Amino acid sequence: MQEGSFIWSYVEQQHRAVDKRNDSLWLVFLLLASVILFTVNLGGLPLQDGDEGIVATVAREILQAPSDSLRWLYPTLAGEPYHDKPPLIHWLVAGAYAMGGINEWTTRLPGALLMAISVPLLYCIGREIFRQRWAAIYSALIYLTMLPVVRYGRLAIMEGAIACFLMTMILCLLRSRRDLRYCLGVGISFGLICLTHGKIGLCLGVVTLIFLYWDTPRLLTCYYFWLAILIGCIPVGCWYGLQVLQYGYSFTEMDTKISLITVKSISNSHGKLPWYYLMEIAKWTWPWLIFLPATFRITWENNNFSWAKLLIVWFGVYLLLISLISIKLPWYILPIYPSLALAFGYQLTQIENLPLFSGYPRIWVTSLAILAVLASTASIYFSCRSTSKIELQIIFASVALTMTLAAILAERGDRQFLKILVWGSYLSLLLLMKSNFWIWELNTLYPVKPVAAMISRLNPEVTEVYTSFPYHRPSLDFYSDRTIIPMSVNQLQSYWGYHQKPYFLVNKPTLENLQLKSVRILDQAEDWQLITKDNN
């Protein structure tokens, strides 16, 4: 009897060792794959308007501030106090500037690396809530091959850091159900999220509390849990408290002002309809969206299990909360994609375990075929244009080949279609990130770097330039190291008449429309001219 127990114990220990070794190999593999995808060609394109330009400017001012100043604690934007978001990501970018210089690559690197770390962390969450390793593997790979995750995760915005801290918080939360020491990780991660983006941190905090109330209510009565939350919130409370002591009631006014500037720099994102984020998911989550109906059904049918409760609350509550916020930006939805990836990963694992049969649901095959046709059409279109874009042609050809092979294998009932879908999507995204089209919004506006180079040649004493462009471009401020202020035609005419030495950035049609007197053209780039008064 004792010998049998010894043998069983030995076999169990060997199994655990093999299990841990396999987990370690997958973690290393996922980390390498994500680092490659999130950092390739990272500095190849100019900074985007909105948060990227603002983060870069604030971080540069922190770095260039006198050593005896408290600029790191009281950050500024163009010399004015900046309170739109807490400064954690700005500190990280300023640190990257100190080590690698001020450029696009160092601006985006901290957020991209944190986003890459979130992929193996999602694998760990999958291993915690699912019994099958392949559910965790598929979840992490699907998350890695979602277009919004990769695109926004590479930008110098807060969402990369939020994703990393959120994964850490959820993982610690799940493990704290059997070991209260992990509550400290929950508190610290929550504090880091709030020190990155306060409003998103509050939304994710509500998600966490609702999940615990449904799944593990005993933790809500545990003083150690709340003590850990308090410890994590101390740095956040101190920072906000110091801002209020320094700036008083104007703190909230400046917060609102910068938020509106950010929104206008991106798009007309203020006052969008409540289902805006549902439309974002519907537009950009392909090809994984074809599994959504079956995934919703299987998740709801298993709502007595912890994993289903977590995913339902994570997706539903967070989507509801951010949909109620009036200011809507496309990357605010980013924390919801891990929950979708986990649900899809579980669904695909159930498909893997099914016996072979003649084919999968017709809607899957049809959807993959439609995607293949659309991608093929796009590839042909870009190859036939007068200005042929080879990179886009190759990218869409890769997507078309992936969807075609996946559709054929799915029609035959071959389970390998899932692996083709994963690796084909990864390769297509890698090709997109290596190209100059992964921030396609840049192609809708005038190129910012040539115009900024023209402005930067001005006398350093000139700190403000007025432009006829309808809204503020923070990236132009960053590259030119000036404040570029938008004005209407009437405002420009009035300013020209009352100031002795104004500096305007206008395009040629606007300059003709202004009908200004004594104009001196200092320089021009693209379709834009830098002008001032010729007092002689």
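What FRET efficiency comes out for the pair Arg178/Arg412, r = Cβ-Cβ distance, R0 = 35 Å, nearest 0.05? Mind dumping the intermediate values first?
Working: r = 44 Å, r/R0 = 1.25.
Plugging the Cβ-Cβ distance into 1/(1 + (r/R0)^6) gives 0.20.
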Rank Lys20, Lys283, Lys328 by accessible area, highest first, at a 1.4 Å probe radius?
-> Lys20, Lys283, Lys328
Please work out how much length the chain gains when fully extended from Ala282 to Leu227, using 0.36 nm per residue of separation minus the C-alpha to C-alpha distance, in nm with one decimal.
-> 15.8 nm
With r as the distance between the Cβ atoms of Gln64 and Tyr498 and R0 = 41 Å, compute the FRET efficiency 1/(1 + (r/R0)^6) and round to 0.05.
-> 0.80
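For the chain, with all protein chains present and a 1.4 Å probe, just round the carbon and sulfur fraction of the accessible area to a whole percent. Let's see the in-between values first.
On the way: 15490 of 24730 Å².
Its accessible area is 63 percent carbon and sulfur atoms.
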Candidate span helices, the chain: DSSP H, at least 20 Å along axis from Cα coords, Kyte-Doolittle average at least 1.0, result 159-175, 198-215, 223-247, 306-324, 362-384, 390-411, 416-434
Counting Lys +1, Arg +1, Asp -1, Glu -1, what net charge surrounds Thr349 among other residues with beta carbon under 14 Å of its beta carbon?
-> +4
Roughly speaking, what is the stretch gain from Leu273 to Thr366, that is 0.36 nm per residue apart minus the C-alpha to C-alpha distance, in nm to one decimal?
-> 30.4 nm
With Rg/Rh (Cα atoms, Kirkwood Rh) defined as stated, name the option among (1) 0.96; (2) 1.02; (3) 1.32 computed from the structure displayed.
-> (2)
Got a sec? Which residues in region 405-428 would a label at Ile390 touch, if it sits 7 Å along Cα→Cβ and we count backbone N under 14 Å?
-> none
Could you sort Trp288, Trp91, Trp214, Trp300 by accessible area so the largest value comes first, with the probe set to 1.4 Å?
-> Trp300, Trp214, Trp91, Trp288
Would you calculate the separation in nanometres between label points at Thr76 and Leu242, each defined as 7 Å from the Cα along the Cα-to-beta-carbon direction?
-> 1.7 nm
Nearest-0.05 FRET efficiency for Tyr471 and Arg218, computed from C-beta distance (R0 41 Å) = 0.20
Search the structure for amide H atoms under 5 Å from the amide H of Tyr503, placed 1.01 Å from N in the peptide plane, and list their residues when 5 or more places away or on another chain.
-> Tyr466
For the chain, what is the accessible area per residue in Å², given a 1.4 Å probe and the full set of protein chains?
-> 46 Å²
Can you give the relative contact order of the chain as a percent, counting alpha carbon pairs under 8 Å and 6+ residues apart?
-> 15 percent
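At 0.36 nm per residue, minus the direct Cα-Cα distance, what do Asn443 and Gln515 gain on full extension? Give it in nm, one decimal, please.
Working it through step by step, the gained length comes to 22.9 nm.
The values are calculated or read from the model by the stated rules, or taken from the named source; none is laboratory data. Everything numeric here is computed off the predicted structure, so don't read it as measured data. Glycine also receives a Cβ, built like all others from the backbone with ideal geometry; neighbour counts cover every protein chain displayed. Quick note on the areas: whole protein, heavy atoms, side chains included, nothing else; ligands and nucleic acids left out. Shrake-Rupley method; radii C 1.70, N 1.55, O 1.52, S 1.80 Å.
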